[in-house]
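Read-outs throughout are calculated quantities, based only on the coordinates presented, and are distinct from any laboratory measurement. Because the structure is predicted, anything quoted here is derived from the model rather than measured. Cβ placement follows ideal geometry from the backbone for every residue including glycine, while neighbour counts extend to all protein chains displayed.
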Amino acid sequence: MKRLIALVATLALTAGLFAGCAKKEEQKPAEQTPQVKIGLATDEGGKGDKSFNDAAIAGLEKIKAEYGIEPQIIESKTADDYEPNLTTLAADNDLVFGVGFKMADAIKAVAENTPDKKFAIIDSVVDLPNVASFTFKEEEGSFLMGIIAGKMTKTNTVGFLGGIKFELIEKFEAGFRAGVKAVNPNAKVLVQYANSFSDVALGYEISKKMYNDGADVIYHAAGGVGIGLFNAAKEMKKWAIGVDSDQAVLIPDKADVILASMIKRVDTATYTASKAVIDGTYKPGLTVLGLKEDGVGISQTINPAVPQEVIDLANKYKQAIIDGKFTVPTKPAEVDAFQAPQI
């Protein structure tokens, strides 16, 4: 009996100890890593431009899929919206993106006022200790589009439709014209700027006039204005070349008139900067993405009308640029003197 009583007491004591431990573990708060908050302000093209802004947002959608972070996105309608939108985002987020070169001054002002927050700007450089800047060698990808246009034209006239005339968009123009010149020096390149990244109707009118003036291929670097180009190309049964994203995929009802698109990996920039903040490896400073870095290039979707030999030629020029055999001009004034090597 004494042994039985001792055994019961021992079991009771042991059970009490385990219960106490369990209670302590239940009371111990679980360690949680605060989730990074990310915000993005579009330029005036806004969501749904099927181009630049949508490409930037796509990088954050990838972050959302991988990390469960819901980005806060604010659309800017005019330049007057930039600074207020960025200020709003900076109050609630750890990382704030400004999409587009026109937002450089606003990013600079807001980043200076909120030095404890991190920022990133696409297509411009802001030299501050809390700003990461991403720029691209748009001229290199546009050069490849020029090769396709120069080889595909039957009228020996092609067109370039720009958004707002600025040094950045002129890189697209210069690269495209240089590419056309490299493979078809007798071809004429019509150039017009819309002074907008959102006016679809104006893009349609400009493109329609270019087609009527003899162009049978038009390349755009105009954001939402480019949707007007595709509308005109569809109506007039002409060719168009997209930009920033694989626009034949994003605008499937116009895929039959899109020869190819110049991919500009804005999504890579937004994804890379976001992941760096999440991983604790964020660094300010400039990152430049060209053909060598896979920051620009030819879309995966290429119209079946483009012969394989044209694609092969474009890829040969691509490799020559990567290998440093020649440099693509970045300014329209440099194109006349440009001489591409024979490939």
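Some observations on this one:
- Amide H contacts of Ser261: Gly242, Ser299, each under 5 Å away and 5 or more positions distant or on a separate chain (H built 1.01 Å from N in the peptide plane; Pro and chain starts excluded).
- Within the chain, longest stretch free of exposed trypsin sites (Lys or Arg not before Pro) [DSSP loop, at most 15 other beta carbons within 10 Å]: 78-153
- Between Ala333 and Asn186, the contour length at 0.36 nm per residue exceeds the alpha carbon distance by 51.1 nm.
- Among Phe160, Phe172, Phe326: highest mean-square fluctuation, GNM of the chain, C-alpha pairs under 10 Å: Phe326
- Cα-based shape type of the stretch 253-314, given that a ≥ b ≥ c are square roots of the gyration tensor eigenvalues and the cut on a/c is 1.5: prolate
- Exposed-loop-free span, longest in the chain, where GluC sites (Glu not before Pro) count as exposed if DSSP calls them loop and at most 16 other C-beta atoms lie within 10 Å: 76-292
- Cα-based shape type of the stretch 69-191, given that a ≥ b ≥ c are square roots of the gyration tensor eigenvalues and the cut on a/c is 1.5: prolate
- With 30 Å as the limit on Cα-Cα distance, the pairs of Lys108/Lys137; Lys171/Lys208; Lys102/Lys316; Lys264/Lys331; Lys77/Lys208 that go past it are Lys102/Lys316.
- A viscosity of 0.890 mPa s and a temperature of 25 °C, combined with the Kirkwood radius over Cα pairs in Stokes-Einstein, give a translational diffusion coefficient for the chain of 112 µm²/s.
- In this structure, the amide hydrogen of Ile218, modeled 1.01 Å from its nitrogen in the peptide plane, lies closer than 5 angstrom to those of Gly159, Trp239, Ala240, Ile241, counting only residues at least 5 positions away or on a different chain.
- Within straight-line cross-link reach of Lys151, aspartates and glutamates at Cα separation under 14 Å, skipping those fewer than 8 residues along the same chain: Asp216, Glu309, Asp312
- 20 °C / 1.002 mPa s Stokes-Einstein diffusion coefficient of the stretch 122-197, Kirkwood radius on C-alpha pairs, µm²/s: 160 µm²/s
- Centre separation in Å (Cα based) which lies between the stretch 219-255 and the stretch 104-119: 35 Å
- Fluctuation leader among Ala260, Ala106, Ala149 - the chain, Gaussian network, Cα springs under 10 angstrom: Ala106
- In order along the stretch 122-136, the phi-based Karplus estimate (6.51 cos²θ - 1.76 cosθ + 1.60, θ = phi - 60°) of 3J(HN,Hα) comes to 9, 6, 7, 10, 10, 8, 9, x, 10, 10, 9, 10, 10, 10, 10 Hz; Gly and Pro are listed as x.
- Fraction of beta bridges assigned by DSSP in the chain that are antiparallel (%, nearest 5): 5 percent
- Residues whose amide H lies under 5 Å from that of Asp199, counting only those 5 or more places away or on a different chain, are Val225; hydrogens are built 1.01 Å from N in the peptide plane.
- Anisotropy class of the stretch 187-245 from Cα gyration tensor, a/c 1.5 cut: rounded
- Rg/Rh ratio calculated on Cα atoms of the stretch 191-343 (Kirkwood radius): 1.01
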